[in-house]
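Before any comments, here is the structure.
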Protein chains: 2
Amino acid sequence: MIDEKTAREDVVRAADELFYARGVQAVGMDAVRTAAGVSLKRIYSLFASKDELIVAVLRHRTQVWDSGLATASEPATTARERILAIFDFLDAWFREPDFRGCAFINTHGELGASSTAVADAVREQKRTFGEYVARLVADAGAPAALAPQLAILAEGAQTTAAIAGTPEAAHHARAAAETLLDAATGPRR
Amino acid sequence: MIDEKTAREDVVRAADELFYARGVQAVGMDAVRTAAGVSLKRIYSLFASKDELIVAVLRHRTQVWDSGLATASEPATTARERILAIFDFLDAWFREPDFRGCAFINTHGELGASSTAVADAVREQKRTFGEYVARLVADAGAPAALAPQLAILAEGAQTTAAIAGTPEAAHHARAAAETLLDAATGPRR
DNA sequence: TTGCGCGGAGAACGTTCGTTCTCTACTGTA
DNA sequence: TACAGTAGAGAACGAACGTTCTCCGCGCAA
């Protein structure tokens, strides 16, 4: 038998892919079982309920998102460049063929009203992202009020791209972010 | 027996409230029946399936949104004021006690992957809103590229407010819109 | 009054789903 | 070889849901 840590990872990864592609409620635990190659009995010994698995999947997504963002901003040397790298990261994501919007927003729309654990996990991820942006804004020497504006742009780009099914929202959001940065720090600085 | 038009309206209005408050999939047709006071048999003579009812609800929401926006922008005399009125409208909406985010975004997250009819209805509403913003931007004498940026701000404010559970995203988005308007048309014009 | 058609209430049906249970096979040990 | 413990496969269970069907009562024509 594979060890507990690996089994957990297999289940979370399989559930993540299925949940993201079809929506959480449209995926049964049987489908997770089949995709992960882990018996139902085992899954329920690792997670007390589907709700708990959903939260684990969201936490996993948070890690993937954070590390993806970190990688995308590595080449940047200034805070301004790191801020704009967020939108380049979004652009690359939107172009992936299986892009279906922000999993956190989608899951919140599905279960935010009925499961506070899910709502909390989603809120936590958005809060973390907001703090990341706030740090970059401070590094750029811009007023703190700029940070939530940039976060809202990123958020809006994700839902717009998801619904329209096209990636150009990333470009529009990036252009708006540049204008806001220029206005806040003085152009071309 | 009440006439067909009234029965339809009763069902759509009841379903709208339930779907918005709890999510579409969490509401059974029995709950719609009880809330609307219309028998299941009648409901299924008015709508071929739950999917069709969902689409009707989304169309109804579109009308409510459009007329609400029109009312909110009535006092405005310039295109710039009408644009900013969008964010005041959002602010008032976010403060309503039963605000739970944009119904179109929520429903898209729930069913966009499995029902193309739902995805189309959502896309249609976002397209209409985008055109409304584009008209205002043209009236304001600003470059067309500003319109999608403002639309993304409005979109992002809605999801941010829904997830955070607080209304301040409307204020942030409005401030960003002002900055973008100033940059596009020259300040204080 | 009698018969008829229509609509409402909700029972019934078939399916799906989350969760648990049963049975079987296998591993390691003496 | 005999046995105890464990895990996998999937059957089973109870609930919920979308949809259809049955039964009953009412209004109306003759």
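Structure values in brief
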{"quantity": "Largest-first ordering by accessible area, 1.4 Å probe, given options A:D51, A:D182", "calculated": "A:D51, A:D182"}
{"quantity": "Calculated label separations, B:G165, copies of the chain, 7 Å along the beta-carbon direction, nm", "calculated": "3.6"}
{"quantity": "Counted charge near B:A72, where neighbours are those whose Cβ lies closer than 14 Å (Asp, Glu -1; Lys, Arg +1)", "calculated": "-3"}
{"quantity": "Exercise: per-residue mean of other protein chain Cβ atoms within 10 Å, B:175-181", "calculated": "5"}
{"quantity": "Global geometry of segment A:1-47, whether rounded, prolate or oblate, following the gyration tensor of its Cα atoms and the 1.5 cut on a/c", "calculated": "prolate"}
{"quantity": "Average beta carbon contacts from partner chains per residue of B:73-80, 10 Å cutoff", "calculated": "0"}
{"quantity": "Nearest-10 value in Å² for the accessible area of B:T71, using the 1.4 Å probe", "calculated": "80"}
{"quantity": "Percent of Cα-Cα distances greater than 36 Å, calculated over the protein assembly as shown", "calculated": "26"}
{"quantity": "Hull-based mean projected area of chain B, where the convex hull spans the alpha carbons, in square nanometres", "calculated": "11.6"}
{"quantity": "Size of the A/B contact, given as accessible area buried on both chains, probe 1.4 Å, in Å²", "calculated": "2800"}
{"quantity": "Aspartates and glutamates whose Cα lies under 14 Å from that of A:K126, excluding same-chain neighbours fewer than 8 positions away", "calculated": "A:D66, A:E155"}
{"quantity": "Three-way shape call for segment B:70-176 based on the alpha-carbon gyration tensor, with the a/c threshold at 1.5", "calculated": "oblate"}
{"quantity": "Degrees, to the nearest 10: B:116-139 long Cα axis against longest axis of chain B", "calculated": "30"}
{"quantity": "Neighbourhood charge, 13 Å Cβ-Cβ cut-off, centred on B:F104 and excluding it, Lys, Arg +1 and Asp, Glu -1", "calculated": "0"}
{"quantity": "Accessible area of segment B:1-47 divided out per residue, in Å², using a probe of 1.4 angstrom", "calculated": "56"}
{"quantity": "J(HN,Hα) series, segment B:8-18, from Karplus relation 6.51 cos²θ - 1.76 cosθ + 1.60, nearest Hz, glycine and proline x", "calculated": "4, 4, 4, 5, 5, 5, 5, 5, 4, 4, 5"}
{"quantity": "By accessible area with a 1.4 Å probe, ligands and nucleic acids excluded, highest first: order of B:K41, B:K50, A:K126", "calculated": "B:K41, B:K50, A:K126"}
{"quantity": "Sulfur and carbon atoms: percent of accessible area, segment B:90-189 [1.4 Å]", "calculated": "54"}
{"quantity": "With Cα atoms, 0 to 90° folded angle of helix B:79-94 axis to chain B main axis", "calculated": "40"}
{"quantity": "Hits among lysines - C-alpha to C-alpha of A:K5 under 24 Å, sequence gap 8 or more where chains match", "calculated": "A:K41, A:K50"}
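The values are calculated or read from the model by the stated rules, or taken from the named source; none is laboratory data. None of these values were measured; they are calculated from a predicted model. Positions of Cβ are backbone-derived with ideal geometry, glycine not excepted, and every protein chain shown enters the neighbour counts. Please note that ligands, DNA and RNA were not included when accessible areas were found on the heavy atoms of the full protein model with its side chains. Shrake-Rupley method; radii C 1.70, N 1.55, O 1.52, S 1.80 Å.
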